[in-house]
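Here the structure is laid out as structure tokens; the discussion comes afterwards.
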Amino acid sequence: MTLNRLRNEKSPYLLQHAGNPVDWYPWGAEAFSVAEVEDKPVFVSIGYSTCHWCHVMAHESFEDSEVGALLNDAFVCIKVDREERPDVDSVYMNICQMMTGSGGWPLTIIMTPDKKPFFAATYIPKTNIFGSMGLIEIIRRIKELWQHKKAELAALSDNVINAIESASSTPDEDALNMSTIEVAYDQLLGSFDWENGGFSTAPKFPAPHNLLFLMLCYRHSNDPNTLEMLEKTLTRMRMGGIFDQIGFGFHRYSTDAQWLVPHFEKMLYDQAMLAIAYAAMFQITGKQFYKSTLREILAYVLRELTDEEGGFYCAEDADAEGQEGKFYVWRYDEFKETLDEKELEFALSVFNIRKEGNFHNELTQTIDGRNILHLTFPLTETAKTFRLSEADFSDMFSTVVSKLFEKRRQRIAPFKDTKVLTDWNGLMIAALAKTAKSIDDPMYIDAAKKAADFILKNMLKADGRLLHRYKDGHCAIEATLDDYAFLIYGLIELYESGLDRRYLDIAMGLNKVLIDDFWDHINGGFYMTSANVTELPIRPKEIYDGAYPSGNSIALSNLLKLRCHTPSHDLQLMTQQLMQGFAGKVKQSPAAYTMFLIGIDSLLSTQKSEG
């Protein structure tokens, strides 16, 4: 097999494509220079190693010699790991959403040699299907347009960039207030699924920052409806197929409204943010259900996603042996082979296993004998149906899960992305520190310290600036806002849980670098990239709280906490400017910025107490 230019990369995702017939370049100056010299547009494909539809497009198109030849002839082709280059992904995902009204991965962008896009899409099938143009037809069409209507494409690309720049936030003197928080609450209330928990219909994401926001609202109001929204969501998620009932940890999202059929990839940031949510819910209610779920999430992370030196890996794939979810689903006969008669009767009932299968296969439009393990009731309630004491039920449950876990270990496991990212590690450090404080277990402080020390040893340069990615002893890529904000967050939480002053001092030093290199002195707020990074057509600035909170949302909370530890007029002024810098955008749809609003609530409370 002939390897392309990706063969020397460290990213597992890029290495997955090193044997493609496509002559991929990594993102960098060389590719754009070649495009300019050869007068070709640039085809950019952005994805990540555990992305199911990225695998589908790779197998259909990028591994196909015909498609590879067409791409190589018409374009200079670039592969980007969005986890390594979140700044590149951010710029072009925003552009895709503006041009098409939607986004997702794999992200496909076609642009001029000066990085200005004129075409955007997500997954594209190889050939035309259901009235949609396939990749082969798109390649041929754009090659013809580039040859005969290049000026029109260039004008389109300029218009796209101008539209994105004009949509950038500008300060709003009418700052955010409690009414904005109330609007966000009402929007979440209006989209809440009272039957299943969670927000909106399928697909349904855990959105832990929304739950943390609701917890804030509940502390203010003691409203029983708010508590019900929280309890229903956090309980139904733990009971559902979105939670790995055998190996623990949460899958990425549910494809249905009932939390039954997940998209099976497991991401570090989901585990971190959900651990924070369950820890907070345990503090509010004192219920052991939330404490045990919290321990299960972290047991998975410490077992499967932890480097021996203490850093945390990115993710586990949805696919195994080329099939999504194959590692996680079960057939009745497998249960029968693994368990004795009494255990089998118990397990079939507890986990809702059926001989014919328990979910509808969307691809075959059948129920095909596969089962996704899920609970009908929380375990404490299920125990009553078996007329067992809580202790006897717990012993039986542990025995069954242990046997099934060992049986599952004989399967071919999903691919594990062993990159260590500074930002996602910062979130997990915060989750461990918060857990240690909420359930008073020093084991989690030790894990948090080990991870923090790993990042500080390997990812902190001599000049006090951070790097983004560690893989196989190799550190690279300039850190983004998220790296600084999330690691500072983790270090502050670690200090507050363990009272080791060293972590607070390092957090303050990193915060100074963040302000020096990322602060927007004109409009307020933090850019996603350092002022030293000039390779993108625009400098992105994010506030949307998506799969995980935005760097600006966490940075606001960090500034408020650092003010408590080190009073500073500059930090006080900066929090106000940060609020005003995004006020206009947040007011348009407050429920999309719930983590930011948690910081705003704290800021408003501080301002009120200071008179």
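Go through the residues of segment 545-562 one by one and say whether even a single one is free of Cβ contacts under 8 Å to residues at least 12 places away in the same chain and among the basic types (Lys, Arg).
no
Does ILE600 satisfy being assigned to a helix (DSSP H, G or I) and within 21 Å of ILE181 (Cβ to Cβ)? Break it down stepwise before answering.
Values: assigned to a helix (DSSP H, G or I): yes; within 21 Å of ILE181 (Cβ to Cβ): yes.
Criteria met by ILE600.
Where in segment 21-104 are the helices (runs of 4 or more DSSP H), entirely inside, with at least 3 residues that are closer than 24 Å to GLU316 by Cα? So that I can check it myself, show each step before the final result.
On the way: elements: 29-38, 52-57, 65-74, 86-100.
Result: 52-57, 86-100.
So, LYS126, is that one basic (Lys, Arg), buried (at least 19 other Cβ atoms within 10 Å of the Cβ) and either in contact (Cβ under 8 Å) with a residue 40 or more places away in the chain or not assigned by TED's automatic domain parsing to the domain that holds THR255 (or both) or not? Explain how you work it out, then say what you get.
Working: basic (Lys, Arg): yes; buried (at least 19 other Cβ atoms within 10 Å of the Cβ): no; either in contact (Cβ under 8 Å) with a residue 40 or more places away in the chain or not assigned by TED's automatic domain parsing to the domain that holds THR255 (or both): yes.
So LYS126 does not fit the description; no.
How many residues does segment 436-472 hold that are in contact with a Lys or Arg (Cβ under 9 Å, 6 or more places away or on another chain) and not in a helix (DSSP H, G or I)?
So the answer is 8.
Contact list please: Cβ distance under 6 Å, first residue in segment 470-497 and farther than 25 Å from PRO26 by Cβ, second residue surrounded by 24 or more Cβ atoms within 10 Å (Cβ to Cβ) and of a type in the set (Phe, Trp, Tyr), pairs at least six apart or on different chains.
Close Cβ pairs satisfying both conditions: LEU491/TYR503; LEU494/TYR503; TYR495/TYR503.
The values are calculated or read from the model by the stated rules, or taken from the named source; none is laboratory data. Predicted, not measured: the structure shown is a model, and the values here were computed from it. We place every Cβ from the backbone using ideal geometry, glycine too, and count neighbours over all the protein chains shown.
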